[in-house]
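S.K.: Pasting a structure below so you can have a look.
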Amino acid sequence: MVGLNSLATQVEVLASRQAAAAAVAQRVEDVALRTSATGPARAALAAADAAKAHGNRLFKAGEFAQASAAYAEALEILDPASSPAATEPTTSYAAECARLTILANAAACALKIHSIVAPVAAAAAAAAPVAAANFCELALSLSCIAAHPTLFRKVLVRAVAAQEATGDNDNALAVAAEAQIRGRALPCFRRWLN
């Protein structure tokens, strides 16, 4: 009987140690991967990406007003002041790059809305290029834009088009000149720079 009690005690101790080891291993994994901290941030990035993808599908289908709403939703999810993706250090750069793409897409969408609606409803179309210019200004203010030269050029082209559509030729010229200074001059800017 003494041997069985001793064996049962040893089994209990072994099981207790295994449970403690599993708990420690899980804690080490959580700390190493920061799952509890990065989980909400990764979820926000995924939600913003889904909204952006939905906006892209709508844009391709010519549903520009709905695409604009989808891009607005994606931007709201990645709001730098409140988004876990923007405030979490391990995902903040990814969130900024996602915002850059979404802002560029939203600017393109606003310019499409302007070109389609302008002949029909001038008052409604007047806000679209202003929105496009604002989206471009926000995109150009993001630090990650320098790492994305193709997107940088797209934003510059859209910024010039937006400024031109608002009738602000001085700012259109300023953006084109800035692009040239940064080595990003494009053939479409020649008329502004000559």
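The values are calculated or read from the model by the stated rules, or taken from the named source; none is laboratory data. As the structure is a prediction and not an experimental result, all values here were calculated from the model. Here the Cβ is made from the backbone with ideal geometry for all residues, glycine too, and neighbour counts use every protein chain on show.
S.K.: Pairs please, first residue from the stretch 87-115 and more than 10 Å from L75 (Cα to Cα), second anywhere and in a helix (DSSP H, G or I) and among the polar types (S, T, N, Q), Cβ atoms under 8 Å, 6+ apart in sequence or on different chains.
M.R.: From residues that are more than 10 Å from L75 (Cα to Cα), the pairs are E88/T38; T90/T38; T91/T38; E96/S143; N105/N56; C109/S68; A110/S68; I113/S68.
S.K.: Can you find, within the stretch 70-119, the residue that is farthest from C144 (Cα to Cα) among those that are among the polar types (S, T, N, Q) and modelled with pLDDT of 95 or more?
M.R.: Residue satisfying both the conditions and the ranking: N105.
S.K.: Out of the stretch 48-89, which residues are over 18 Å from A108 (Cβ atoms) and surrounded by fewer than 17 Cβ atoms within 10 Å (Cβ to Cβ)?
M.R.: Listed by number, the residues that qualify are A50, E76, D79, P80, A81, S82, T87, P89.
S.K.: Can you name every residue in the stretch 175-184 that is hydrophobic (A, V, I, L, M, F, W, C) and touching a helix residue (DSSP H, G or I) at 6+ places or on another chain (Cβ under 8 Å)?
M.R.: If the condition is that a residue be hydrophobic (A, V, I, L, M, F, W, C) and touching a helix residue (DSSP H, G or I) at 6+ places or on another chain (Cβ under 8 Å), then V175, A176, A177, A179 are the ones that fit.
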